[in-house]
Amino acid sequence: MAEPPRGSRDSDPLDRAPLDRETGRRLARALEEIVGHRIVRIHDSVLKVMLFQFMRGLAFGLGTVIGASILVSVLVAVLARIEFVPLLGDLAGRVIEQIEEAQGQPPP
């Protein structure tokens, strides 16, 4: 039998390897174990996948909003305390005024 040319699809050594019974049993056990995993059971229908991805997106969005809110509030608090540096103090004062105006409070 002639050797197939290199680069062809038929040159995969697994195609030529015999499949004995023990290898088949191990393969069957591995497939059963994979099918038994929770993630495979969750993704067994399109509706479940869509619901899972929707919930994942909601959690990601909520986490992003909460994280950004905390980061901005910490940044504004730090900037408010840096009034001794003229440029940053003026900037922090304007940021605080804008926030207070947006909340409906008159600036001090």
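None of the figures in this text is laboratory data; all of them are computed from the coordinates on show. These numbers were taken from a predicted model, which means no experiment stands behind them. All Cβ positions, glycine included, derive from the backbone under ideal geometry; neighbour counts span all protein chains shown.
Extending each Cα 7 Å along its Cβ direction at Arg81 and Ile39, get the distance between those two points in nm, one decimal.
Going from the Arg81 label point to the Ile39 one covers 4.2 nm.
By how many nm would the segment from Lys48 to Ala28 lengthen if fully extended, with 0.36 nm per residue of separation less the alpha-carbon distance? Please report the intermediate quantities before stating the final value.
Working: separation 20, 0.36 × 20 = 7.20 nm, distance 2.59 nm.
Value of the extension gain: 4.6 nm.
Using label points projected 7 Å from each Cα along Cα→Cβ, tell me how many nm separate Ala59 and Val74, to one decimal.
About 2.3 nm, to one decimal.
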